[in-house]
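Peer 1: Structure provided below as structure tokens; questions to follow.
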Amino acid sequence: MESFDVIVIGAGVIGSSVAYHLVKKGLDVALIEKGGIAAGTSSRCDAVALICDKKPGIDTEIGYASIQLFKQLAQELSVDFEFSSRGSLYVCETERELEIAQGYVADQVRDGYDMRMVDPHELLDIEPYLAPDLAGGIWTEADSSMNPYKLCYAFVEEGKKLGLKVFDYHAVSEIQRDVQGKIERVVTDRGTFKTRKIVNCAGVWSPKIAGMVGIEIPIVPRKGIVLITEKTSKQITRQKVHEFGYMLSKFEDIHFKRNVSELVEKHNVAFTIEPTDAHNFLVGGHRAFKGFDIRSEIDVMQAIAERALRFLPVLRDLNCIRAYAGVRPWVPDHLPIVSEVEEVPGFFIASGHEGDGISMSPITGKMVAQLITGEPTDFNIDKLNFSRYKKSNAV
Amino acid sequence: MTNKETVICRCEDITMREIQETVERFQCSSREVKLRTRAGMGSCGGRTCRGMVDKLVEQLGGPPISNEIALSYRPPVRPVSFGVLGGEEK
């Protein structure tokens, strides 16, 4: 039976990064995945690492550090994952939105981040195709983009050079523990592996893995649909552009009324667009709780197109060639779980990043490697500890 | 078929050689071939090449066990303008 220092379960972006950072520490690591590399959420998502979509505080701090790590990784990894620091632009439709945006920017600037308000005139200088009647926006210098599934391939291929063993198309069916309750073996449909440490990086599927050691994780799949434009030589936008109302589709505690149709409201659609290296644009965004259903519903596609036209009328004559959907690993407090589980020694969780998995993958991988080797983590991550859910249950 | 320069995906201009090299190098499924080469990601949505990519991967021995052998179908059936989709034009 093969034996490893650590077994990472799930080869999406988080598992790929965790596995890479662990082999870099000189550990014997296996990456076990029920499908192929990046077969789940990490190939059904958008392609950015942002700070502007995060709440002030630890969320933004870690997000910013992660973007800095991406810059190093772009040099370090031999597979090109199309990383680019283009910045991003939030657009506000109304004066009311602008007011809330100003408060948000003030908080982020106070914490030292390079964000600034942009007036309607400058908005059109930055993005000439935007609707001319918008109230203003926010420019965020640090925000970046990449190709998410190539990033997974990049982590895995670099990891393999350092001895990482990849077992794709291996579905984990059981986790065995010794008499003291410590992790002992991982059983898959194609073989059993010995280990003392497991990192559960299975994203929306991580509750199932945790169930194998009797732990309940409050992760729920939150769906998103993306539309893809045909290739065009027209520079529809130069960087990620999204409406500030996106914040209200993501966070339950940000409230203001948008002037949108019933269809857009009903499907919780907020406009976003991103350029890609292939010269197609990705148009979103959408958030809904629909279980694991990843069909692209026509009414949601219509709502996304309708909302996109409000901000970029130029899209009118451009074709939508494809739609896809994925499910984000949502947690109630919008912070990922990155910790060991007290009750099950040797069982670690790195999951629950919702729509920030790509963004947060470098820093998450780095900090899990630090946790496992007993080094201090780059950030105080008490807030990301799994025990926070136990405490709230006790109340 | 022996001509390696035969174009398999016309929308993204991907040749048989590129597909063959990708399968040989990464021992991957058709879905991974699609993501790595962009074959099937163009404006026809894989309508022209999907079957050929699946067939080539199968012939070249792809991964031994795969639950995603065949490439998926994604809407819309034919390209549709954002104007029509967004309800501005009929």
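Peer 1: With the checklist (1) out of contact with any Gly (no Cβ under 7 Å at 6 or more places or on another chain); (2) under 19 Å from A:H242 (Cβ atoms); (3) at pLDDT 95 or above in hand, flag the one item A:L89 doesn't pass.
Peer 2: (1) is the only condition that A:L89 fails.
Peer 1: So, one more: Do any helices (runs of 4 or more DSSP H) entirely within segment A:204-273 hold 2 or more residues that are in contact with a Pro (Cβ under 9 Å, 6 or more places away or on another chain), and if so, which? Give the steps one after another, and end with the answer.
Peer 2: Working: elements: A:206-211, A:246-250, A:262-266.
Hits in segment A:204-273: A:206-211.
Peer 1: Continuing with this model, one more query. Here are B:E89, B:E68: which of them is within 8 Å of chain A (Cβ to nearest Cβ), surrounded by 14 or more Cβ atoms within 10 Å (Cβ to Cβ) and modelled with pLDDT under 95?
Peer 2: From the options B:E89, B:E68, the qualifying one is B:E68.
Peer 1: Consider A:V199 carefully, then state whether it is out of contact with any helix residue (DSSP H, G or I) (no Cβ under 9 Å at 6 or more places or on another chain) and either assigned to a strand (DSSP E or B) or surrounded by fewer than 20 Cβ atoms within 10 Å (Cβ to Cβ) (or both).
Peer 2: Against the criterion (out of contact with any helix residue (DSSP H, G or I) (no Cβ under 9 Å at 6 or more places or on another chain) and either assigned to a strand (DSSP E or B) or surrounded by fewer than 20 Cβ atoms within 10 Å (Cβ to Cβ) (or both)), A:V199 does not qualify.
Peer 1: Which of the residues belonging to segment A:272-307 are touching a Gly at 6+ places or on another chain (Cβ under 7 Å) and either more than 11 Å from chain B (Cβ to nearest Cβ) or at pLDDT 95 or above (or both)?
Peer 2: The answer is A:T272, A:G284, A:G285, A:H286, A:R287, A:Q302, A:I304, A:A305, A:E306.
Peer 1: Out of the residues in segment A:320-336 that are farther than 12 Å from A:F289 by Cα, touching a Lys or Arg at 6+ places or on another chain (Cβ under 9 Å) and of a type outside the set (S, T, Y), state the one that is surrounded by the fewest Cβ atoms within 10 Å (Cβ to Cβ).
Peer 2: A:D333
Peer 1: Oh, and also: In segment B:4-42, which residues are within 14 Å of chain A (Cβ to nearest Cβ), β-branched (V, I, T) and outside any helix (DSSP H, G or I)?
Peer 2: The answer is B:I14, and nothing else.
Peer 1: Quick one: what pairs do we get from segment A:225-248, first residue more than 16 Å from A:L50 (Cβ to Cβ), second among the basic types (K, R), C-beta under 6 Å, 6+ apart or different chains?
Peer 2: Hits for this filter: A:I228/A:R322.
Peer 1: Return the total of residues in segment B:43-59 being of a type in the set (V, I, T) and within 14 Å of chain A (Cβ to nearest Cβ).
Peer 2: Within segment B:43-59, residues that are of a type in the set (V, I, T) and within 14 Å of chain A (Cβ to nearest Cβ) number 2.
Peer 1: Does B:G83 satisfy being more than 7 Å from chain A (Cβ to nearest Cβ) and either at pLDDT below 90 or not in a loop (DSSP other than H, G, I, E, B) (or both)?
Peer 2: Working: more than 7 Å from chain A (Cβ to nearest Cβ): no; either at pLDDT below 90 or not in a loop (DSSP other than H, G, I, E, B) (or both): yes.
The answer is no for B:G83.
Peer 1: Can you find even one residue in segment A:48-62 that is within 14 Å of chain B (Cβ to nearest Cβ), in a loop (DSSP other than H, G, I, E, B), basic (K, R) and surrounded by 19 or more Cβ atoms within 10 Å (Cβ to Cβ)?
Peer 2: The answer is no, given that none of the residues of segment A:48-62 is within 14 Å of chain B (Cβ to nearest Cβ), in a loop (DSSP other than H, G, I, E, B), basic (K, R) and surrounded by 19 or more Cβ atoms within 10 Å (Cβ to Cβ).
Peer 1: Does A:G224 qualify as being closer than 23 Å to A:S387 by Cβ and touching a His at 6+ places or on another chain (Cβ under 9 Å)?
Peer 2: Working: closer than 23 Å to A:S387 by Cβ: no; touching a His at 6+ places or on another chain (Cβ under 9 Å): yes.
Considered against the rule, which asks whether it is closer than 23 Å to A:S387 by Cβ and touching a His at 6+ places or on another chain (Cβ under 9 Å), A:G224 comes out as no.
Peer 1: If A:A308 meets every condition in (1) over 25 Å from A:A11 (Cβ atoms); (2) surrounded by fewer than 20 Cβ atoms within 10 Å (Cβ to Cβ) apart from one, which number is that one?
Peer 2: (2)
Peer 1: I'm told A:S17 meets every condition in (1) under 18 Å from the mean Cα position of the chain (by Cα); (2) farther than 30 Å from A:R295 by Cα except one. Can you identify the failing condition by its number?
Peer 2: Single failed check for A:S17: (2).
Peer 1: Then there is this: For segment A:274-299, name all the residues that are more than 21 Å from A:M146 (Cα to Cα) and either hydroxyl-bearing (S, T, Y) or not in a loop (DSSP other than H, G, I, E, B) (or both).
Peer 2: So the first thing to find is which residues in segment A:274-299 are more than 21 Å from A:M146 (Cα to Cα), and the list is A:287-299.
A:A288, A:K290, A:F292, A:S296, A:I298, A:D299, listed by residue number.
Peer 1: Just one of the numbered conditions (1) over 16 Å from A:K231 (Cβ atoms); (2) crowded, with 18+ Cβ neighbours inside 10 Å is not true of B:A39; which one?
Peer 2: (1)
Peer 1: Does A:V260 count as touching a helix residue (DSSP H, G or I) at 6+ places or on another chain (Cβ under 9 Å), under 20 Å from A:Q302 (Cα atoms) and at pLDDT below 95?
Peer 2: Values: touching a helix residue (DSSP H, G or I) at 6+ places or on another chain (Cβ under 9 Å): yes; under 20 Å from A:Q302 (Cα atoms): yes; at pLDDT below 95: yes.
Considered against the rule, which asks whether it is touching a helix residue (DSSP H, G or I) at 6+ places or on another chain (Cβ under 9 Å), under 20 Å from A:Q302 (Cα atoms) and at pLDDT below 95, A:V260 comes out as yes.
Peer 1: Right, another one. Restricting segment A:176-192 to residues that are touching a residue at least 40 places away in the same chain (Cβ under 8 Å) and either among the hydrophobic types (A, V, I, L, M, F, W, C) or not assigned by TED's automatic domain parsing to the domain that holds A:S361 (or both), which is surrounded by the fewest Cβ atoms within 10 Å (Cβ to Cβ)?
Peer 2: For segment A:176-192, the residue satisfying everything is A:I183.
Peer 1: Tell me whether segment A:313-334 contains one or more residues that are part of a helix (DSSP H, G or I) and closer than 12 Å to A:V226 by Cα.
Peer 2: No, every residue in segment A:313-334 fails to be part of a helix (DSSP H, G or I) and closer than 12 Å to A:V226 by Cα.
Peer 1: Look at A:P336 and say whether it is at negative phi and in contact with a Gly (Cβ under 9 Å, 6 or more places away or on another chain).
Peer 2: Numbers: at negative phi: yes; in contact with a Gly (Cβ under 9 Å, 6 or more places away or on another chain): yes.
So A:P336 fits the description; yes.
Peer 1: Now, a different point. In segment A:25-47, what residues are part of a helix (DSSP H, G or I) and surrounded by fewer than 24 Cβ atoms within 10 Å (Cβ to Cβ)?
Peer 2: A:S43
The values are calculated or read from the model by the stated rules, or taken from the named source; none is laboratory data. These numbers come from a predicted model, not from an experiment. Counting neighbours? That spans all protein chains shown, and the Cβs are built from the backbone with ideal geometry, glycine included.
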